[in-house]
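Report on one structure; see the data block that follows.
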Amino acid sequence: MADAELKASLPIAVIMFGSPGSGKGTQSKYLVAWLGIPQISTGDMLRDHIRRGTEIGQSIRALMRSGTLVPDELVNKLVEDRITQPDCGRGFILDGYPRTTAQAKEMMRLLARAGAGEVVIHLVVDYNIIISRMNGRRVCPKCGTLYNAVSRPPKTEGICDLDGEALVIREDDREEVVRERLTQYDAQTWPVIEYFRNSGARLFDVDASKDRPEVVFGRIQKLLEGGLSATRKDDPLRTPGEGALAQ
Ligand code: AMP
C-alpha cells in the first residue's frame, strides 16, 4: 500500500505492543512523525498525574514505584477520555495500552465505537537484552526525550540535546523494578497477545532485538504499508524471541 493510501485509510489505531524496554516509545515517536497522528502513552499520562500531584497521581504512586500495573478501570477511563479528543479523529498510536486482557476487551469496544480499525505491532526482544539496554537508559525530565548510552547517546554525556537539561534515570527503569515489570508482563500481558491472536486482530511480530531503532522502524513501515488489509494468516513475521529472565 502506498504511503498516501495508508494515510487516507485512517482512522486507525496502531497498538504498540511489547515488554518494557522493547522500544515502544521510540517506535511510537517515529510513527507520529510518519502518520501525523498522536501517540497515547498510558505510562506518560500516569507519570504526568504523579508529577502534578493529582488525586489519581497520589493513588498510583506506590504501584508505579514498584512496577505494578495500576487498576484497569483507571487506565481504561484515561484512554477513553483521551481518544475522544478531536486530535484523535484520524487515528492514534497506543503505547503501553492495553496491558491486560480486560483492557484489551475494553479497547476493542472503544475502537468499534470510534470506528477505528486496529493494527497490533508486537516488538519482540529477548529479556536479557532489555535489562542491559535499560541499565543505560536516561530521560530528559523537561521534554521527555529518551536516550540510551549504546543505541542513542546524547551529544554531550548526561545532557539533553534539545534543551540542555541534566538527564535522569526514570524511577521505574531501576533494575529491580525492570525485573518486576518483566515478570508482570509475562503474567498479565502475554495473555493479551493470545487474546489478539484468537480474536483475529491484525497482529504482526517484529524482531526488535538487535537492530538500531531506524531499522526496526523500516520493518514496521513495510508491514503497515503492505499489511493493513492483511489478516492474521497473511502475517509474514512469526519470530518468537522473548526469553526467560536471566537469574
Ligand atoms: P510504561 O512507561 O508504559 O512502561 O509504564 C510505566 C508504568 O505505568 C507501568 O509499570 C505501570 O505501573 C503503569 N502503566 C502504564 N500503562 C499501564 C496500563 N495500560 N495498565 C496498567 N498500568 C500501566
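The values are calculated or read from the model by the stated rules, or taken from the named source; none is laboratory data. Quick caveat: nothing in here was measured; it's all calculated off a predicted structure. All Cβ positions, even for glycine, are placed from backbone atoms using ideal geometry, and neighbour counts span all protein chains on display.
Assorted remarks:
- Residue in the stretch 131-138 that is touching a helix residue (DSSP H, G or I) at 6+ places or on another chain (Cβ under 9 Å) and either modelled with pLDDT of 90 or more or closer than 17 Å to Ile15 by Cα (or both) present: yes
- Checking the stated criteria, Val177 turns out to be over 23 Å from Tyr30 (Cβ atoms), of a type in the set (A, V, I, L, M, F, W, C) and touching a residue at least 60 places away in the same chain (Cβ under 8 Å).
- Listed by position, the strands (runs of 3 or more DSSP E) contained in the stretch 81-153 that have at least 1 residues being farther than 16 Å from Arg202 by Cα and acidic (Asp, Glu) are 91-95.
- Restricting the first member to the stretch 41-53 and to residues that are farther than 20 Å from Ser28 by Cβ and part of a helix (DSSP H, G or I), and the second to residues that are more than 8 Å from the ligand (Cβ to nearest atom) and of a type outside the set (Lys, Arg), the beta-carbon pairs closer than 6 Å and six or more apart or on different chains are Ile50/Gly57.
- Condition check for Glu55: surrounded by fewer than 20 Cβ atoms within 10 Å (Cβ to Cβ), more than 16 Å from the ligand (Cβ to nearest atom) and modelled with pLDDT under 90: no
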